[in-house]
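Below is one structure, written out as structure tokens, with a few remarks after it.
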Amino acid sequence: MRIDTLSMPAASLGLVNPLPTLAAPPDVHATPQMDPAIPDEDARYVGYGTVNSCLPYLVQDGYNRTRRTRKFRVAILENEILRATFLLERGGRLWSLFHKPSGRELLDVNPVFQPANLAIRNAWFSGGVEWNIGLVGHCPFTCDPVFAARVEGPDGSPVLRLYEFERIRCVPFQIDAWLPDGSPVLLVHVRIRNPNTHIVPMYWWSNISVPETPDTRVIVPASHSYRFAYQGGLMRIPFPPENETDASYASRMDRSMDFFFRIPDGRRPWITALDGTGRGLVQTSTDRLKGRKLFVWGNGAGGRRWQEFLSVPGHAYLEIQAGLARTQAEHLPMPPATDWSWLEAYGLMEADPAIVHGPDWSQACETLDRRVEQLIPRQTLEAEHRRAASLIDIPPTRLIQQGSGWGALEEARRRAQGLPGFGLPGLVFDSHSLTQEQAPWLELIRGQSWPETDPGDIPAGCMVQPEWHHQLEAAMQDGRASHDPIAWLHLGIMRYHAGNRAGARTAWEQSYRMTPSAWAARNLAILSRQEQRVPEAVDWMVAALLSRPDLLPLVAECGRLLMDTGRSADWLALLKLLPASVRKAGRVRLLEAQAALVTDDLKRIERILRDAPVVIDLREGEQSLSELWFALHERTISRREQIPVDDALRARVRRDFPPPPAIDFRMSV
């Protein structure tokens, strides 16, 4: 094992958005409609554990699309057969798995680092193997550093340990990866601990990107899947589908789709993606990780555009995934004081291409069952999982990288309140990880006063955990925090998250009275809009914008609120007050064009669309650009031909005026 750097063209991740997510867009996977043919046992937890924001995390939407070569810190595990490279600063993602004897890369290695808006915190990037814990919508640490450490195994072999404290579920987790001498597979052991006294909804999916070629076939030992086509719901279908395009070949699909495979209970779980020669990556695991999934972007215009948007032209990938549940619409109830663990294995699969690509699906599955068993016998994998029990609590010999300070803060809270800690000697959450984000909360558990803040400070270090909420309420009562407007701002966020909107309003109004700020005004605007107090919401939001016209996320929120409340002309007037750099942003240009549609200024829309604005933070599933294109042509034809905008005209426009590829992100067409 060694630490090195990896250079690639990379967009800047930028600064986090200081505005807490009080009204987050729903995840498209979270609560789909269910086909009645799906058995009750597989539908039982659909919708359970869903969250409506990423709090206490803040949104990461400050990225750009200007790529410059930069170096990323990586950890490399290597033996005679495989070389595994992990991106330590980006969630510990397994970025590359190189098979040395064949000279073959087994994963999709994106040639660039390019975030886009596909995750619960917005920023997400494609490539490699992403470790997703806690909740639907990718991992909160996808674009963050995690703790990384070197551990010496009982036999002296090196182990890479990645770990963190997940703040929504309030659980620590660890990933131990190692490559035994001569092993044809990379071993990855995962442990999640629920140290709480209550049940926690739990979620895990290992999201594996592999190259998509015209002859890549995904095979999994299942004869049925639950299909999600980004419209409608989950449908139970045979797999491969009967009398339809063979979805096991991702390149043949014309639109984006998920396929969640129903591997029979008791059958060994695995999934593989094999090219025309019968070679490619295989992933298998112990039985706890029972779910398997295929995601395809599809060959429609929108799918191709998304692939290009996340990488470079001509670069295509698909995803094969492995999870705790059958689908990604579920969280499973994890009992208190419980550990869940499993072992995954990643390696090269080689099989007879005539069988892999033959007409007999059952024969292909049975053949690959045997090949997986030859690669890593099931009993061997189970034995390695048991052996990992002697490894997981060994303290690190070297801490390679610090993660966040929230785990250390939680351990400190537990000690201060006489509660047991995590009880994980192999995970070092020490004071060196603490930063200014944790500083005011640390003062509270020490019985000290909330530190005074500068009125111009950007709020940081959100908290919504009930135990910390109680701490801050108590500090307000005894005067240790009531002097500071930022403390009142935090208390409002906590009360809002707990469902106490009246209390949130009181706290934010107090913060604003003490020191007028964009932060309090914006929060009051969102709350007033949700309570149908429209004039008040508009006044608060405009006040916030005028205070910080340079803050792009705030400008976008203001534009949406004004248009949603019938004030498009006011929004167009406010645009003149914005800095040029903000007004030129793709999201602001889109909002300007949408307002121009309401005011029937078609020439203005034409000018904007002619420039093909790049909406950097376009959300997965969002069709704003293509819908604007269609609406422009509907209005233009209606005006020219003196005909109404009806279903016939809408169909005609969609047939005769396809959107330019640069603005067509439709996933279900």
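The values are calculated or read from the model by the stated rules, or taken from the named source; none is laboratory data. If you're wondering where the values come from, they're calculated on a predicted model, not measured in any experiment. Here the Cβ positions follow ideal geometry from the backbone for every residue, glycine too, while neighbour counts run over all protein chains shown.
Of everything in the range 345-363, what is surrounded by fewer than 22 Cβ atoms within 10 Å (Cβ to Cβ), under 17 Å from A247 (Cα atoms) and within 35 Å of the chain's Cα centre (by Cα)? Give them in sequence order. Once the filter is applied, which keeps residues that are surrounded by fewer than 22 Cβ atoms within 10 Å (Cβ to Cβ), under 17 Å from A247 (Cα atoms) and within 35 Å of the chain's Cα centre (by Cα), the range 345-363 yields H357, W361, S362. Of the residues making up the range 140-182, those that are closer than 26 Å to N79 by Cα, in contact (Cβ under 8 Å) with a residue 24 or more places away in the chain and assigned to a loop (DSSP other than H, G, I, E, B) are P145, V146, G153, P154, S157, L179, P180, D181, G182.
Residues checked against (1) assigned by TED's automatic domain parsing to the domain that holds M334; (2) of a type in the set (A, V, I, L, M, F, W, C); (3) under 16 Å from G347 (Cα atoms):
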residue	(1), (2), (3)
V74	yes, yes, no
L88	yes, yes, no
R93	yes, no, no
S102	yes, no, yes
N110	yes, no, no
F113	yes, yes, no
L118	yes, yes, no
W124	yes, yes, no
W131	yes, yes, no
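One line per residue, one yes/no per condition, for (1) over 23 Å from F165 (Cβ atoms); (2) at pLDDT 95 or above; (3) within 27 Å of the chain's Cα centre (by Cα); (4) among the acidic types (D, E):
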{"site": "P425", "(1), (2), (3), (4)": "no, yes, no, no"}
{"site": "D457", "(1), (2), (3), (4)": "yes, no, no, yes"}
{"site": "P466", "(1), (2), (3), (4)": "no, yes, yes, no"}
{"site": "D478", "(1), (2), (3), (4)": "yes, yes, no, yes"}
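In the range 364-390, the residues that are in contact (Cβ under 8 Å) with a residue 24 or more places away in the chain and assigned by TED's automatic domain parsing to the domain that holds V151 reach residues that are surrounded by fewer than 19 Cβ atoms within 10 Å (Cβ to Cβ) and part of a helix (DSSP H, G or I) with C-beta atoms within less than 9 angstrom, at least six apart or across chains, in these pairs: A364/I355; L368/I355; V372/R378. I'd like the residue in the range 192-230 that is in contact with a strand residue (DSSP E or B) (Cβ under 9 Å, 6 or more places away or on another chain) and hydroxyl-bearing (S, T, Y) and, out of all such residues, is nearest to R415 (Cα to Cα). Among residues in the range 192-230 that are in contact with a strand residue (DSSP E or B) (Cβ under 9 Å, 6 or more places away or on another chain) and hydroxyl-bearing (S, T, Y), the one nearest to R415 (Cα to Cα) is Y203. Out of curiosity, is I271 in a strand (DSSP E or B), under 30 Å from A84 (Cα atoms) and assigned by TED's automatic domain parsing to the domain that holds G153? Yes.
Of all residues in the range 631-669, those satisfying the criterion of being within 15 Å of A301 (Cα to Cα) and either outside any helix (DSSP H, G or I) or touching a Phe, Trp or Tyr at 6+ places or on another chain (Cβ under 7 Å) (or both) are R654, F657, P658, P659, P660, I663, D664, F665, R666, M667, S668, V669. Hey, any hits in the range 591-611 for a residue that's modelled with pLDDT of 95 or more, among the hydrophobic types (A, V, I, L, M, F, W, C) and over 23 Å from R567 (Cα atoms)? Looking through the range 591-611, none of the residues is modelled with pLDDT of 95 or more, among the hydrophobic types (A, V, I, L, M, F, W, C) and over 23 Å from R567 (Cα atoms). On inspection, A250 passes the criterion of being over 14 Å from P32 (Cα atoms) and under 24 Å from the mean Cα position of the chain (by Cα). When the helices (runs of 4 or more DSSP H) confined to the range 446-560 are screened for residues that are closer than 30 Å to L574 by Cα and not aliphatic (A, V, I, L, M), those reaching at least 2 such residues are found at 485-497, 501-514, 518-530, 534-547.
Considering T565, T599, which residue is surrounded by fewer than 19 Cβ atoms within 10 Å (Cβ to Cβ) and assigned by TED's automatic domain parsing to the domain that holds A631? Show your work before the answer.
On the way: T565 fails: assigned by TED's automatic domain parsing to the domain that holds A631.
Going through T565, T599 in turn, just one is surrounded by fewer than 19 Cβ atoms within 10 Å (Cβ to Cβ) and assigned by TED's automatic domain parsing to the domain that holds A631: T599.
Among the residues of the range 382-405, those identified as outside any loop (DSSP other than H, G, I, E, B) and within 29 Å of the chain's Cα centre (by Cα) are H385, A388, L399, I400, Q401.
Which ones in the range 51-69 are closer than 22 Å to T5 by Cα and in contact with a Pro (Cβ under 8 Å, 6 or more places away or on another chain)? Within the range 51-69, Y63, R67, R68, T69 qualify.
So is S285 buried (at least 23 other Cβ atoms within 10 Å of the Cβ), more than 17 Å from the chain's Cα centre (by Cα) and of a type outside the set (A, V, I, L, M) or not? Talk me through it step by step, then tell me what you get.
Values: buried (at least 23 other Cβ atoms within 10 Å of the Cβ): yes; more than 17 Å from the chain's Cα centre (by Cα): yes; of a type outside the set (A, V, I, L, M): yes.
Criteria met by S285.
The rows are residues; the columns are (1) within 30 Å of V188 (Cα to Cα); (2) surrounded by 19 or more Cβ atoms within 10 Å (Cβ to Cβ); (3) at pLDDT below 95.
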| site | (1), (2), (3) |
| --- | --- |
| T5 | yes, no, no |
| M8 | yes, no, no |
| Q33 | no, no, yes |
| P36 | no, no, yes |
| L55 | yes, yes, no |
| L58 | yes, yes, no |
| R70 | yes, no, no |
| R90 | yes, yes, no |
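Per the conditions (1) within 19 Å of Q594 (Cα to Cα); (2) touching a helix residue (DSSP H, G or I) at 6+ places or on another chain (Cβ under 6 Å); (3) not polar (S, T, N, Q), the sole criterion not satisfied by M667 is (1). Of the residues making up the range 78-137, those that are free of Cβ contacts under 8 Å to residues at least 24 places away in the same chain and farther than 17 Å from E319 by Cα are R83, F98, K100, P101, G103. Check whether at least one residue in the range 412-434 is among the β-branched types (V, I, T) and in a loop (DSSP other than H, G, I, E, B), and report yes or no. Yes: the range 412-434 contains one or more residues that are among the β-branched types (V, I, T) and in a loop (DSSP other than H, G, I, E, B). Sort out which residues of the range 438-460 are in contact with a helix residue (DSSP H, G or I) (Cβ under 8 Å, 6 or more places away or on another chain) and without any contact (Cβ under 8 Å) to a residue 60 or more places away in the chain, and write them in order of number. Within the range 438-460, Q438, P440, W441, L442, L444, I445, R446, S449, W450, P451, T453, D457 qualify.
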